[in-house]
Amino acid sequence: MPLSLIIEQALNGLQLGVTLFLMASGLTLVFGVMGLINLAHGSLYMVGAFVTAWVSASVGSFWIGLGAGIMAAAAVGALVEVAVIRRLYARDHLDQVLATFALILIFSEGTRWLFGSQPLWLDVPDLLSGAVTLPGGSPYPVFRLAIIAMGALVALGLYLMISRTRLGMRIRAGEADREMIGALGVDIATLYTLVFALGAALAGLAGAMVGALQSVQVGMGEPVLILAFVVIVIGGIGSVKGALIGAILVGVTDTMGRILLPSAFGLFMDASSATAVGSALASMLIYLLMALVLALKPQGLFPVHARA
Amino acid sequence: MRGREGWINGALAAALLIVPLALHLAGEVYYVNLASRVVIVALAAVGLNLALGYGGMVSFGHAAFFGIGGYVAGISAHHAILGTSFLGLSTTTEMPLIWLISVLLAGVVALAIGAISLRTKGVYFIMITLAFAQMLYYFAISFPAYGGEDGLPIYVRNTFPGLNTFDPITFYGICVVALFACLFLTARIMGSRFGAALDMAHLSETRLATAGIAPFNIRLTAFVISAMMTALAGALFADLNGFVSPSMMSWHRSGEIMVIVILGGVGRLWGPVAGAIAFVLLETFLGGLTERWGLFLGLILLGTVLFARGGIMGLIAGKARHD
């Protein structure tokens, strides 16, 4: 196998990992601070992608579209939090799963109503539309590198925000003891809405970026949502650091597994059955990884010592 | 099971017996098949209810067992009709044998999944059961020999000795007997010492452990039985549709079975039946009224969670005995 292919796939894995991190960090923050499982997080990803694609096409600028997409996702997130999610914090996980499952149905059908069932297309902006040459000689799209760079920036920004700012301090306090920070006079309802909107904005950003690589369609958030759940469970629910490491792990494992396993099986099998078995195993690989991690560390790699 | 809940259960049982028969006499084949669908989905939910409702194990992966049942029926019929063998074994189109294999296979898989998953709690349990179901889902997708993503048709419905399974009302009869048998089994389980232990594993693990009973074993046993019932439903579902596909194992399906349990009333014996009737009828009739049925179904579900805790049974029959 040529080196350039391995480098290319490693970069693709990293790019998938970064996208997953954008989704997973929001999920894990919402779970860590509010104790809520949000299945509808994928819908916010979809909202971000749709608004970005629609505004970009109407205005003719990717960047304005991206801004609009992120803001729309954050606004929809805040709205949903105030209207529905807020009533679920005191409920058990079962109610949360059911209510957010219902939200998925509403969002998917609502989006189809507004935008129609045809997928939308989003073009990569001119600035990032070229390709660079990788060591080994194959070209690699700049846009995918830009996604990786942006993910790294967001990770750094989140780290600084959580460890250095007042909002971050409140988020950490909220994870440690919800009642106490309420008692200390922090407006906890607003804090929750802010955290939820922040998570929604990150999901919207992820949706917009991926929307430029693939088509923008209803249901696009669901595969990513499931992967993001795998990520936060591997990383330890509530831990942003865990989400970052879990996301990279899942992204790289998935992408590399898909190219390495079929050729690995090809060493001792005939080509067609090696491809079949290899790709079957590759699509199960991250779930095997998750089962392995949970069997060894039931609380994930970076357990958060707060409420279960 | 006394008072108002007993009356509702009786009414549900009577409706399951009388309404399809009346539809059959009126010649409404479509609605007889719809009733079969209700009963099969209810059976899957009765299975999940044992784990989720009585045992407090929120499994987000029961579609895996539903799909295992479906694929056993599908693969068995596939080989039997083509006259080929499965790993050197000849297969059958006899339903009782197919059910036995489905249930045993699902039991073995559930034992493995449960043994790992039950080490975790809360959200982790929800997510790891989801992960295992996804694993099986992708496994089913990536095997082209059995249809892969497109699924596997069952050209001729499997047979039952002495009965004509092609006759819609006869097939309905088979399904409803299976449902009643599993309801009876669940009632007997919950009335037994094991049931009391399962209840306590849910309510207070420490008290159960203090009594010298290991909560893990109790939970695992209940999880396996629960999976077996859902697998039986899957085998029937495959025969009803004449088709199995990976979508039987998708996380949407897991969510749907869960929604039915919650809609009907968690931990109520007949709750899943009420939930299945409501869910399938809503889906069918909203689907007939408007293309946007998903939107209204979502709104109704959301309303149920937010404002009608305890589901349909909670709404009509009042709180469960435990609360």
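The values are calculated or read from the model by the stated rules, or taken from the named source; none is laboratory data. On a predicted model such as this, the values are computed, not experimentally measured, just so you know. A quick note on method: Cβ atoms are made from the backbone with ideal geometry, for glycine too, and the neighbour counts reach across all protein chains shown. With ligands, DNA and RNA removed, areas are computed over all heavy atoms of the protein, side chains included. Shrake-Rupley method; radii C 1.70, N 1.55, O 1.52, S 1.80 Å.
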Original post:
Which percent of the accessible area of the protein assembly as shown is formed by carbon and sulfur heavy atoms (probe 1.4 angstrom)?
Top reply: 68
Subject >> Most mobile of B:Gly195, B:Gly303, B:Gly70 in a GNM of chain B (Cα contacts under 10 Å) >> reply: B:Gly303
Subject >> Counted charge near A:Ala131, where neighbours are those whose Cβ lies closer than 12 Å (Asp, Glu -1; Lys, Arg +1) >> reply: 0
Original post:
For segment A:236-308, what class follows from the C-alpha gyration tensor (a ≥ b ≥ c being the square roots of its eigenvalues): rounded when a/c is under 1.5, otherwise prolate if a/b is larger than b/c, else oblate?
Top reply: prolate
Original post:
Can you tell which of B:Ala197, B:Ala11, B:Ala63 shows the greatest fluctuation in a Gaussian network model of chain B with Cα springs below 10 Å?
Top reply: B:Ala11
Subject >> Long-range amide H partners of A:Leu134 with built H, under 5 Å >> reply: A:Tyr140
**OP:** Indicate the gyration tensor shape class of segment A:111-199 (rounded, prolate or oblate), computed on the Cα atoms with a ≥ b ≥ c the square roots of the eigenvalues: a/c under 1.5 is rounded; otherwise a/b larger than b/c is prolate and the rest oblate.
**Re:** oblate
**OP:** With a 1.4 Å probe and all protein chains in place, put A:Asp187, A:Asp126, B:Asp167 in order of accessible area, largest first.
**Re:** A:Asp126, A:Asp187, B:Asp167
**OP:** Take peptides A:281-292, B:203-214, B:126-137 and line them up by average Cβ neighbours within 10 Å, highest first, as a rough protection proxy.
**Re:** B:126-137, A:281-292, B:203-214
**OP:** For peptide B:130-137, compute the average count of partner chain beta-carbon atoms within 10 Å of each residue's beta-carbon.
**Re:** 6
Subject >> Total accessible surface hidden between A and B, rounded to 100 Å², 1.4 Å probe >> reply: 4000
**OP:** Round to the nearest 10 and report in Å² the accessible area of B:Tyr30, as given by a 1.4 Å probe over the protein chains' heavy atoms.
**Re:** 130
Original post:
Per residue, how many Å² of accessible area does segment A:226-308 show with a 1.4 Å probe?
Top reply: 41
Original post:
Residues with beta-carbon under 14 Å from that of B:Arg253, excluding B:Arg253: net charge, scoring Lys, Arg +1 and Asp, Glu -1?
Top reply: -2
Original post:
Measuring with a 1.4 Å probe in the full set of protein chains, what accessible area per residue, in whole Å², belongs to segment A:3-220?
Top reply: 40
Subject >> Kirkwood Rh, angstrom, segment A:77-143 [1 / mean 1/r, Cα pairs] >> reply: 16.1
Original post:
How much of A:Lys241 can a 1.4 Å solvent probe reach, expressed as accessible area in Å² and rounded to 10?
Top reply: 130
**OP:** Express the relative contact order of chain A as a whole percentage, based on alpha carbon pairs under 8 Å and six or more residues apart in sequence.
**Re:** 34
Original post:
For chain A, what is the mean residue ellipticity at 222 nm derived from helices alone (per DSSP H run of n ≥ 4: -39500 (n - 2.57); sum divided by total residues; nearest 500 deg cm²/dmol)?
Top reply: -26000 deg cm²/dmol
Original post:
Excluding ligands, DNA and RNA, what is the solvent-accessible area per residue of segment B:3-250 at a probe of 1.4 Å, expressed in Å²?
Top reply: 40
Subject >> Distance cut-off 31 Å, percentage of C-alpha pairs in chain A lying past it >> reply: 32
Subject >> Cα centroid of segment A:137-209 to Cα centroid of segment A:244-283, whole Å >> reply: 32
Subject >> GNM flexibility winner over chain B from B:Gly151, B:Gly47, B:Gly27 (Cα, springs under 10 Å) >> reply: B:Gly27
**OP:** At 18 Å minimum axial length over the Cα atoms and a Kyte-Doolittle cut of -1.0, report the qualifying DSSP H helices in chain A, or say none.
**Re:** A:3-34, A:41-59, A:62-83, A:93-115, A:142-164, A:188-213, A:221-235, A:240-266, A:271-296
**OP:** Considering only protein heavy atoms, with the full assembly of protein chains and a 1.4 angstrom probe, order A:Met269, B:Met229 by accessible area, largest first.
**Re:** A:Met269, B:Met229
Original post:
Rank B:Glu149, A:Glu81 by accessible area, highest first, at a 1.4 Å probe radius?
Top reply: B:Glu149, A:Glu81
Original post:
Whole number please: convex hull volume per residue of the Cα set in segment A:38-126, in Å³?
Top reply: 88
Original post:
Over chain B, what relative contact order in percent results from Cα pairs under 8 Å that are six or more residues apart?
Top reply: 33
Subject >> Helical mean residue ellipticity (222 nm; -39500 (n - 2.57) per DSSP H run of 4+; nearest 500) of chain B >> reply: -24000 deg cm²/dmol
Original post:
Using the Cα gyration tensor of segment B:3-250, with a ≥ b ≥ c the square roots of its eigenvalues, what is the shape: rounded (a/c below 1.5), prolate (a/b larger than b/c) or oblate (neither)?
Top reply: oblate
Original post:
Using a 1.4 Å probe, how large is the accessible area of B:Trp251, given in Å² and rounded to the nearest 10?
Top reply: 20
Original post:
Can you give the charge dipole size of the protein assembly as shown about its Cα centre, rounded to the nearest 20 debye, using +1 on the beta carbon of Lys and Arg and -1 on the beta carbon of Asp and Glu?
Top reply: 1580
Original post:
What is the Cα centroid distance between segment A:79-94 and segment B:245-321, reported in whole angstrom?
Top reply: 19
Subject >> Estimated D of the protein assembly as shown in µm² per second, where Rh is the Kirkwood radius over Cα pairs and Stokes-Einstein applies at 4 °C, 1.567 mPa s >> reply: 50
